[in-house]
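Colleague: There's a structure below that I have some questions on.
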Amino acid sequence: PFPGNTIPTARLNPVGQNIASYFPAATSTPAYYGALDVLGTGTSMSPGRYYMGKLDEQFTNWWRATVSYTHEWTFEPQQCYFCGFASPNQYALKRDEDITSVNNMFSLSPTTVLAVRYGFARWPNYLEDYRATGFNPINLGFPAALVNQMQGFKFPDISYAQSGYNMSTAYNQYWNFPQNAVSAMLSKSIGRHSLKIGFDFREMHVLGDTFNDESGNYTFNGIFTQSSPVGALPGTGADVADLLLGNPYSGDITKSILLNDYNHYYGGYFQDDFRVNSRLTVNLGLRWEREYGLSEIQNRIWSGFNENATNPLAAYTPGLMPKGVVEWAGQNGNPTSVFNPSLNKMSPRVGAAYQIDSKTVIRGGFGVFWGAQYTGTALAPASFFATSPYVATTDGYATSAGTLSNPFPNGLIE
């Protein structure tokens, strides 16, 4: 639509111009729009450390204990091809892993042994676009009213659909997976029977936050500069031209909430290894497991959906009566956990070993195993909707509902 295929100076958007100034300088002439005109190389080093310590102590002739501690640290950065605030894919993953265990062995009698164990483990994962973090978007001309609402400062994630190039990258996350475990097992030998009875308890947490787009995520695809909104001629429209006009195809800014999901696991078991004769041993066992579902430490999840209740949107839709209301955990008598798990999961175990001769043994077995429930992300609390102009998503963070200021004041998106 512009004479000579040139955008008039008066139409150039200052925010778009400032963003474009962070493109690396071209080193060659591209053969066509979107072709490469600069190449970058980079190297990265991934350092790591691993420490382990163990202490054994024989307190008495019937009590022996072992304490161990393991720590592992790794830093895994991506290559920095152009470096600077706007370079793409320059995030790094940092992990700090701690594992502690305490084992106690009590010899209660010549035929009875009690083992009691405790373990703690945590795996914090920090995923950060570390070179882009710390950049204040107000330097690009974003309105202060918008910047002041951002949860963190970094160079915005800018995507160019035609050229396939990204500025910065939306990689800012923190997740931790702490777990506590307690178990006890009593072993008893009676004649040809070797009996075991035990109990397990595990507390599994997922504590974390995903705040990828705290400074904005914008996509430009050339739709505003193509020859026609429908049936555009090939070769018309340019994503960078849309940027210079200040017309993003889409955009969002997120605010996230730190959640602490958890699940409690209980398990008990009994097993008898019965030596039928000198050649044949039979194993018979049964394990019982129980879980109560996924919960959040402050009930900041929904635990159900009432299909028959009148939706609050009914007040804005005369003549219609939309149904369906989210049920928030712990409110109005709602349960505090998600899922409808089986509270009595039975796992039979059967096995046998037969010695054919002094060099050959045949073994076989059958068992049923249940996996622990996954403690994934959850949703914002009901009070969040009453006090914030944001709506929750199933990824555990909130997405802008359109009340923020437009960072491209001359653009079409209002």
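Colleague: Within region 328-349, track down each residue that is over 24 Å from the mean Cα position of the chain (by Cα) and open to solvent by 40 Å² or more (accessible area, probe 1.4 Å).
Modeller: First, the residues of region 328-349 that are over 24 Å from the mean Cα position of the chain (by Cα): 330-335, 342-349.
Within region 328-349, Gly330, Gln331, Asn332, Gly333, Pro335, Ser342, Leu343, Asn344, Met346, Pro348, Arg349 meet the criteria.
Colleague: For region 44-74, give me each residue that is open to solvent by 100 Å² or more (accessible area, probe 1.4 Å) and either within 30 Å of Ala26 (Cβ to Cβ) or in contact (Cβ under 8 Å) with a residue 40 or more places away in the chain (or both).
Modeller: Met45, Asn61, Trp62, Arg64
Colleague: Quick one: is Asn172 within 20 Å of the chain's Cα centre (by Cα), over 30 Å from Asn103 (Cβ atoms) and open to solvent by 20 Å² or more (accessible area, probe 1.4 Å)? Steps first, answer last, please.
Modeller: Values: within 20 Å of the chain's Cα centre (by Cα): yes; over 30 Å from Asn103 (Cβ atoms): yes; open to solvent by 20 Å² or more (accessible area, probe 1.4 Å): no.
In short, no.
Colleague: Can you tell me which residue is least open to solvent (accessible area, probe 1.4 Å) among those in region 350-364 that are among the hydroxyl-bearing types (Ser, Thr, Tyr) and in a strand (DSSP E or B)? Before you say what the answer is, go through the steps one by one.
Modeller: Going residue by residue through region 350-364, those that are among the hydroxyl-bearing types (Ser, Thr, Tyr) are 354, 358, 360.
From what's left, in a strand (DSSP E or B): 354, 360.
Working: Tyr354: 99, Thr360: 56 Å².
So, considering only residues that are among the hydroxyl-bearing types (Ser, Thr, Tyr) and in a strand (DSSP E or B), the one least open to solvent (accessible area, probe 1.4 Å) is Thr360.
Colleague: How many residues are open to solvent by less than 80 Å² (accessible area, probe 1.4 Å), closer than 14 Å to Lys345 by Cα and outside any strand (DSSP E or B) if we restrict to region 275-293?
Modeller: 1
Colleague: In region 294-327, what count of residues is obtained for those that are aliphatic (A, V, I, L, M), open to solvent by less than 50 Å² (accessible area, probe 1.4 Å) and not in a strand (DSSP E or B)?
Modeller: Initially, region 294-327 is screened for residues aliphatic (A, V, I, L, M), giving 294, 297, 301, 309, 313-315, 320-321, 325-326.
Retained after the next criterion (residues that are open to solvent by less than 50 Å² (accessible area, probe 1.4 Å)): 294, 301, 309, 314, 325-326.
Subset that is not in a strand (DSSP E or B): 301, 314.
Residues flagged as aliphatic (A, V, I, L, M), open to solvent by less than 50 Å² (accessible area, probe 1.4 Å) and not in a strand (DSSP E or B) within region 294-327 amount to 2.
Colleague: If you take the residues of region 1-43 that are under 24 Å from Ala232 (Cα atoms) and among the aromatic types (Phe, Trp, Tyr), which of them is most open to solvent (accessible area, probe 1.4 Å)?
Modeller: Tyr32
Colleague: Inside region 128-145, can you point out the residues that are at pLDDT 90 or above and buried (at least 18 other Cβ atoms within 10 Å of the Cβ)? Break it down into steps so the answer makes sense when it comes.
Modeller: Step one: filter region 128-145 for residues at pLDDT 90 or above, giving 136-145.
Answer for region 128-145, where residues must be at pLDDT 90 or above and buried (at least 18 other Cβ atoms within 10 Å of the Cβ): Pro137, Leu140, Phe142.
Colleague: Okay, moving on. Is there a residue being farther than 30 Å from Trp288 by Cβ and in contact with a Gly (Cβ under 6 Å, 6 or more places away or on another chain) anywhere in region 196-207?
Modeller: From region 196-207, those farther than 30 Å from Trp288 by Cβ are none; that's our starting set.
The answer is no, given that none of the residues of region 196-207 is farther than 30 Å from Trp288 by Cβ and in contact with a Gly (Cβ under 6 Å, 6 or more places away or on another chain).
The values are calculated or read from the model by the stated rules, or taken from the named source; none is laboratory data. Note that the structure is predicted; figures quoted are calculated from it, not measured. Note that each Cβ is placed from the backbone with ideal geometry, even for glycine, and that neighbours are counted across all protein chains shown. These accessible areas exclude ligands, DNA and RNA; they are computed on the full protein's heavy atoms, side chains included. Shrake-Rupley method; radii C 1.70, N 1.55, O 1.52, S 1.80 Å.
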